[in-house]
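Before any comments, here is the structure.
Bear in mind these aren't lab numbers, they're just calculated from the coordinates by the rules spelled out. Only a predicted model underlies this, so the values are computations on that prediction, with no experimental measurement involved. So basically every Cβ, Gly included, is an ideal-geometry build from the backbone, and we count neighbours across all protein chains shown.
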Amino acid sequence: MDLIKRYEQLVTNGKLVRDLSQEFAISQLNLFGNEFVNSDPSGGYKDVLSRIFTVSRAKKIGAGENGFYMFGGVGTGKSMMMDLFFESVRTSKKRRVHFHAFMYEFHGNMKKARLTKKRNPVRIVCQEMLSKIELLCFDEFQIIDITDAMIVGRLFQELFSGGMKVVTTSNFHPDDLYKDGLNRELFLPFILLLKENLRILKVDNRIDYRNRKLRKGDSYFCEKKSTALVEFNGIWEEILVHGTQELILPYQGRELKLQNYVNGACRISFQELCEKPLSAVDYLNLCKHIKVLFLEKIPIISSAQNDIARRFILLIDTVYESKVRLVCLSAVEPEGIYSRGRFKKEFSRTVSRLNEMRGDDWQRGNID
């Protein structure tokens, strides 16, 4: 379907508020989609992407021909527009994935490739991807982990050279990725690679539509309110019918123990999830096994606790993308959790997502 018409329908039906920044982005994505259609000799959608990618692999890569990099403030509709584009491309060889999840899978595949002791394991993994996927849509593109920073250039060089098309969203301009990161000078060629292959599109309406949503049934309880603990416990007790059990989640030779688990719901402290050396891998594994997360004792994070702040950012990103229902008991409102520190800018998205997930209109977990 024409993306412009689809966007107009959503505005007309009251699903979206007309936004000039979004309209421009939609028009650009629509042109990109039309390039796929125009490349098809039959003029239809059938096998469109397979034809265009076969051709593109034989040609020299042109500036910005491999997709879009949309960046801007939190809650501005970037993910929504990327999803509309993704849905409009009629091919089975496409994938929409959160960037953290993609890198987790990549590192796992790299481990397997190295066991074969063949040369260039990055190329081996990428060739496997290119044989199955022609369009990748990434949400929340960002680099925090130095392991990702040091290998992402080689990864995307292989994908772009192989003809992969990419549409991604980010809160950061490419020039601001991995800012102040360790050995950042080694990361700079990757930024140039992105700018050479993707068209940079700014989505900046300065409105966070997440925070404009109504919060009828709050699931975020601030301890400054005298009844916060009672309300938090009340929701937990509604689920708690026959008592809790311990659930052990094994993965890659390690274990994550959930002491208070019941019927798809888990009650756990901030300390257990964010003050221990856990990673995005741990959080992804957690979200595969739960439908509702009761997160209690969220403290104020100081400017010296950047590692803890980084883990909390990763946790909330993973919970959000996994559509896990979140119920929080915190010392302060989201805006006051981490107001100073190295990841302050990244944390603005966390604040926005916490505020969105606390409302009735957020995807609720189903407790059977």
Correct semi-axes for the range 211-357, from √(5λ) of the alpha-carbon gyration tensor and rounded to whole Å with the largest first, are 22, 20, 14
Sorting 167, 74 on the 10 Å Cβ count, fewest up front, what's the list? 74, 167
Proxy reagent accessibility, fewest Cβ within 10 Å first, across 152, 17, 166: 17, 166, 152
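Taking 20 Å as the cut-off for C-alpha to C-alpha distance, list the pairs among 257/291; 5/78; 179/323; 93/195 that go past it.
179/323; 93/195
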Size of the range 3-202 along its principal axes in angstrom, Cα-based, largest extent first? 55, 43, 27
Computed lengthening from residue 132 to residue 176, 0.36 nm per intervening residue step minus Cα-Cα distance: 12.7 nm
